[in-house]
Amino acid sequence: MSKIDREEAAKAALTDIKWLLHAEEGDESPEGESYLDGPVVVELLEKNFARLDPNSDGISRDELMDGISRPSEFSIDEYEMLRVVAKYFDTIITMADDQEGEELRITRLDLEVLKQFLVNGQMTLKDLKRWSSSVEQEVGLPPLSDG
């Protein structure tokens, strides 16, 4: 990779990190929602889980940001998946109560529960975030199907 390519990749990663920081504050992406649907996000996260979690203790925010800082090492869809997972990181880490104390990592169990909602329950990540916010107000479980 040439110096110019590395600089362009670094600029793109910095732009994405800035966008993610604003997205966590409630701002929407200037591009809107991702072009990837939930099942594709889950499939790509499953495919890249070990790569993002080299120490096998769950994907931390730092490990995810490390992946985002290396866009040239991922396909376009994989990189978009990283952006989506980073945007919804706080929602995903709470999918399963499987960590002692505060939830800080995306575990394989979190991924399996996420898969149930996004693939089998046909929810979107945006729906899931909205639901998880409402759980704090004790609204109840989201529907797993329309029928």
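The values are calculated or read from the model by the stated rules, or taken from the named source; none is laboratory data. Since the structure is predicted, the reported quantities are computational estimates derived from the model, not experimental observations. All Cβ positions, glycine included, derive from the backbone under ideal geometry; neighbour counts span all protein chains shown.
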>> Which of the numbered conditions does Ala96 fail, given that it passes all the others? Conditions: (1) in contact (Cβ under 8 Å) with a residue 40 or more places away in the chain; (2) of a type in the set (Gly, Ala, Ser); (3) surrounded by 17 or more Cβ atoms within 10 Å (Cβ to Cβ).
In response: (1)
>> For the stretch 110-147, give me each residue that is farther than 14 Å from Pro39 by Cα, at pLDDT 60 or above and either loosely packed, with under 12 Cβ neighbours inside 10 Å or among the polar types (S, T, N, Q) (or both).
In response: Ser132, Ser133, Ser134
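Each row is one residue, and each column tells you yes or no for (1) of a type in the set (Asp, Glu); (2) modelled with pLDDT of 65 or more; (3) at positive phi; (4) in a helix (DSSP H, G or I).
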site: Ile17; (1), (2), (3), (4): no, no, no, yes
site: Glu31; (1), (2), (3), (4): yes, no, no, no
site: Pro39; (1), (2), (3), (4): no, yes, no, yes
site: Phe49; (1), (2), (3), (4): no, yes, no, yes
> What number of residues within the stretch 75-93 satisfy the criterion of being surrounded by fewer than 18 Cβ atoms within 10 Å (Cβ to Cβ) and assigned to a loop (DSSP other than H, G, I, E, B)?
Replying inline: 1
